Amino acid sequence: MRTHSLFDRQTILVLSLLAAAAILVPTMNELPPPGSALHLSDHLVPLLGKYVCFALLALSVDLIWGFSGILSLGHGAFFALGGYAMGMYLMRQIGPRGVYGDPILPDFMIFLNWKELPWFWHGFDWFPFAALMVLLVPGALALVFGWFAFRSRVTGVYFSIITQAMTFALMLAFFRNDMGLGGNNGLTDFKEILGFPVQNGSTRIALFVLSVLALASGYLLCRWVVGSTFGKVLVAVRDAESRTRFLGYRVEHYKLTVFTLSALLAGVAGALYVPQVGIINPSEFAPANSIEVVIWVAVGGRGTLAGAIFGALLVNAGKTWFTAALPEFWLFALGGLFVFVTLFMPRGILGAAGDLWERSSQKLRARRSPQPATHAAE
Amino acid sequence: MTVPVTPTLLYLDNITVSFDGFRALNALSLAIDHAEMRAIIGPNGAGKTTMMDVITGKTQPNEGTALFEGTHDLTALDETAIAELGIGRKFQTPTIFEMHTVEDNLLLALKNRRGPLATLLSRGVNQDMVRIDALLERVRLTAQRHRRAGELSHGQKQWLEIGMLLAQEPKLLLIDEPAAGMTDQETADTADLLRDIARSKAVIVVEHDMTFVRDLGVKVTCLHEGSVLAEGSLDAVSANERVVEVYLGR
């Protein structure tokens with residue numbers, strides 16, 4: 001039997017790299033004196049934390065796109081909803097320290113002349129409730145949206161288009177002041193999370209480490225799902241959907257389950273992202289954001305899980321470098337990268353590397369087997 | 001539970017399917033008994049594949065009755081529900097999961113609980129492996145167990161798909177052109193396999209290859225323009241003047 005063990009080589013590699021990041025980043029930030037070559041400056045910690053959140057988002061997209069062929073171009077919406085749930089908690093923590101000093105109402109509500117807190121803001125001052133909403137809101141949207149879409153057998157490009165429409169519609173809704181979520185400006189000026197100041201170095205390190213832990217758990221969860229018979233059914237759906245139906249599987253239930261699970265992961269990623277960047281606004285719902293996530297996955301290697309993480313980190317690091325050095329060229333570089341990968345590495349960087357590895361090890365084996373004596377001496 | 005209206009396993013009566021005015025099936029009636037094997041022949045466009053589509057829930061008939069085990073109305077069920085009742089289908093071109101290994105193809109087809117939660121917690125237990133061993137033996141793919149299904153030869157793919165059908169433990173097997181693209185030896189072996197299967201299960205075989213149909217040695221139904229033209233032994237059917245007319249053109 002081909003090994004589908006949870007701790008195969010790739011998993012061990014990914015987990016060790018993540019563990020190394022969780023140890024090295026705080027150490028390099030705290031121990032070496034500023035100015036030393038080994039020192040990691042303070043502003044880099046939340047930046048790296050942001051990348052890690054994006055990697056978790058990419059992972060959630062790879063789970064559905066890579067393994068069950070559902071190309072969601074609206075996953076940014078689940079990410080943003082998780083982010084808003086966390087943002088609402090952070091807003092309530094500001095208390096009377098806002099510009100207008102109201103103990104209950106966030107500044108933007110005073111500005112809009114609102115007299116009382118809208119109903120849906122209640123409970124968000126309590127962290128466990130907010131944490132529950134981080135999962136519940138994206139999950140519920142995915143469940144309802146997916147139920148209608150999969151039940152009507154909306155697949156392929158049509159599904160992708162309606163997910164774009166979904167995130168676009170949410171963006172327009174969140175732009176409105178009447179929505180009660182800060183409109184255009186979104187939610188910002190956060191002070192504390194669970195009593196720790198969000199701007200503090202140690203809080204940021206804690207958030208970074210938590211993000212890495214979330215990514216590692218998300219990765220393990222995805223591996224577990226993909227390694228089960230459920231995961232095999234997903235791949236079967238991806239490759240021959242109607243055949244899977246004739247075998248007696250309820251394809252729509254499978255799609256709905258994995259789509260919702262993926263939305264939960266995206267929501268968690270968004271929730272960890274917001275305290276590290278200090279703001280959440282409707283631009284997170286922008287259709288282009290969701291498309292960018294798909295590019296990360298395609299670049300890293302669709303259907304490999306590790307590739308999604310790698311692609312997200314690589315492209316975002318590139319984006320940071322490019323937007324500082326050659327800001328006008330970033331979008332060209334991103335587009336060029338996507339075209340290049342699609343044409344020359346259809347299975348992404350990790351997919352191509354895997355093929356190369358397999359081929360060279362096959363060659364090695366072929367070379368070794370006929371005359372084992374000569375090589376044994378080496 | 002309603003009283004079965006018919007003792008036959010599969011009962012089609014007066015089934016009509018039209019696509020944009022074209023009648024793919026025209027008042028087709030057919031009955032298949034338990035553990036009966038039936039060969040369906042007929043020229044292209046006779047409605048053989050459409051008939052399978054109706055039985056498996058892919059196509060809804062415009063009118064007519066389709067009953068399974070006398071009580072289940074097939075026209076009211078979808079593909080998944082019909083598969084769960086115990087009707088398995090092999091397609092004309094082999095349709096297997098090319099990215100999965102031969103073993104995993106069979107694992108997915110095994111009669112097990114099909115819900116997402118059940119499969120999420122399942123990882124192919126030993127009991128399944130024993131069943132897979134037996135199936136691999138039967139369709140002669142034991143040596144190919146760990147190969148990707150996409151790498152198999154055409155004939156092997158056909159056999160794998162038959163193996164997947166058996167894994168579902170259906171009561172009725174619909175098999176569309178199993179001998180297409182096979183060598184003579186493979187064709188003869190396939191006929192043996194199907195005869196063996198038909199000892200315990202009902203089988204409907206759609207086939208063009210007359211040698212193969214003769215090999216099967218079962219009752220033959222000839223379709224033409226969406227309805228039954230002739231029924232009986234192959235010799236009787238091929239002696240039928242109308243059948244000769246249809247096959248040779250008038």
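With the structure loaded, tell me whether A:F174 is over 19 Å from A:G69 (Cα atoms), assigned to a loop (DSSP other than H, G, I, E, B) and in contact (Cβ under 8 Å) with a residue 24 or more places away in the chain or whether it fails that test. When the stated conditions are applied, A:F174 does not pass them.
Yes or no: segment B:151-161 includes at least one residue that is assigned to a helix (DSSP H, G or I), under 16 Å from the mean Cα position of the chain (by Cα) and either of a type in the set (D, E, K, R) or surrounded by fewer than 20 Cβ atoms within 10 Å (Cβ to Cβ) (or both). Looking through segment B:151-161, at least one residue is assigned to a helix (DSSP H, G or I), under 16 Å from the mean Cα position of the chain (by Cα) and either of a type in the set (D, E, K, R) or surrounded by fewer than 20 Cβ atoms within 10 Å (Cβ to Cβ) (or both). Applying the condition of being of a type in the set (S, T, N, Q) and within 19 Å of the chain's Cα centre (by Cα) to segment B:56-72 and asking which residue is surrounded by the most Cβ atoms within 10 Å (Cβ to Cβ) yields B:T56.
Condition check ((1) within 14 Å of chain B (Cβ to nearest Cβ); (2) crowded, with 18+ Cβ neighbours inside 10 Å; (3) modelled with pLDDT under 95; (4) closer than 30 Å to B:M129 by Cα) across all residues:
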residue: A:R9; (1), (2), (3), (4): no, no, yes, yes
residue: A:P32; (1), (2), (3), (4): no, no, yes, no
residue: A:G35; (1), (2), (3), (4): no, no, yes, no
residue: A:H39; (1), (2), (3), (4): no, no, yes, no
residue: A:H43; (1), (2), (3), (4): no, no, yes, no
residue: A:G49; (1), (2), (3), (4): no, yes, no, no
residue: A:C53; (1), (2), (3), (4): no, yes, no, no
residue: A:A58; (1), (2), (3), (4): no, yes, no, no
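Taking the criterion of being free of Cβ contacts under 8 Å to residues at least 40 places away in the same chain and either out of contact with any helix residue (DSSP H, G or I) (no Cβ under 7 Å at 6 or more places or on another chain) or more than 11 Å from chain B (Cβ to nearest Cβ) (or both), the residues of segment A:204-235 that qualify are A:A206, A:S217. Inside segment A:236-275, residues that are aliphatic (A, V, I, L, M), within 9 Å of chain B (Cβ to nearest Cβ) and surrounded by fewer than 24 Cβ atoms within 10 Å (Cβ to Cβ) make up a count of 3.
When segment B:217-250 is limited to residues that are assigned to a helix (DSSP H, G or I) and in contact with a helix residue (DSSP H, G or I) (Cβ under 7 Å, 6 or more places away or on another chain), the one that is modelled with the lowest pLDDT turns out to be B:V243.
For beta carbons closer than 9 Å, sequence separation of 6+ or different chains, a first residue in segment A:147-167 that is at positive phi and a second that is part of a loop (DSSP other than H, G, I, E, B), the qualifying pairs are A:G156/A:G69; A:G156/A:L71.
A quick yes/no check of all residues on (1) under 29 Å from B:D13 (Cβ atoms); (2) surrounded by fewer than 20 Cβ atoms within 10 Å (Cβ to Cβ); (3) in contact with a Ser or Thr (Cβ under 9 Å, 6 or more places away or on another chain):
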{"residue": "B:L165", "(1), (2), (3)": "yes, no, no"}
{"residue": "B:L172", "(1), (2), (3)": "yes, no, no"}
{"residue": "B:T221", "(1), (2), (3)": "yes, no, no"}
{"residue": "B:H224", "(1), (2), (3)": "yes, no, no"}
{"residue": "B:L234", "(1), (2), (3)": "yes, yes, no"}
{"residue": "B:S238", "(1), (2), (3)": "yes, yes, no"}
{"residue": "B:V244", "(1), (2), (3)": "yes, yes, yes"}
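Scanning segment A:257-284 for residues that are part of a helix (DSSP H, G or I) and of a type in the set (G, A, S), which turns out nearest to A:L172 (Cα to Cα)? The residue in question is A:S283. When segment B:111-133 is filtered for residues that are touching a residue at least 24 places away in the same chain (Cβ under 8 Å) and either touching a Cys at 6+ places or on another chain (Cβ under 6 Å) or facing chain A (nearest Cβ under 7 Å) (or both), only B:R114 remains. Within segment B:150-167, the set of residues being in contact with a Lys or Arg (Cβ under 9 Å, 6 or more places away or on another chain) and more than 10 Å from chain A (Cβ to nearest Cβ) comprises B:Q156, B:Q158, B:W159, B:I162, B:G163, B:L166. Set side by side, the residues A:L136, A:L117 differ, and just one is assigned to a loop (DSSP other than H, G, I, E, B) and either more than 16 Å from A:G82 (Cα to Cα) or aliphatic (A, V, I, L, M) (or both), which is A:L117.
Quick check on B:Q144: is it within 21 Å of the chain's Cα centre (by Cα) and surrounded by 16 or more Cβ atoms within 10 Å (Cβ to Cβ)? Judged against the criteria, B:Q144 is not a match.
For segment B:18-47, enumerate the residues that are over 17 Å from B:L234 (Cα atoms) and charged (D, E, K, R). Matches in segment B:18-47: B:D20, B:R23, B:D33. Would you mind stating whether A:G98 is crowded, with 18+ Cβ neighbours inside 10 Å, in contact with a helix residue (DSSP H, G or I) (Cβ under 9 Å, 6 or more places away or on another chain) and either under 20 Å from A:K255 (Cβ atoms) or polar (S, T, N, Q) (or both)? The answer is no for A:G98. Tell me, please, whether a residue that is under 24 Å from A:A140 (Cα atoms) and part of a loop (DSSP other than H, G, I, E, B) can be found in segment A:285-292. The answer is yes, given that some residue of segment A:285-292 is under 24 Å from A:A140 (Cα atoms) and part of a loop (DSSP other than H, G, I, E, B). For the criterion of being touching a strand residue (DSSP E or B) at 6+ places or on another chain (Cβ under 7 Å), of a type outside the set (A, V, I, L, M, F, W, C) and touching a residue at least 60 places away in the same chain (Cβ under 8 Å), A:G300 fails.
The values are calculated or read from the model by the stated rules, or taken from the named source; none is laboratory data. Everything numeric in this text was worked out from a predicted model, so none of it was measured. All Cβ positions, even for glycine, are placed from backbone atoms using ideal geometry, and neighbour counts span all protein chains on display.
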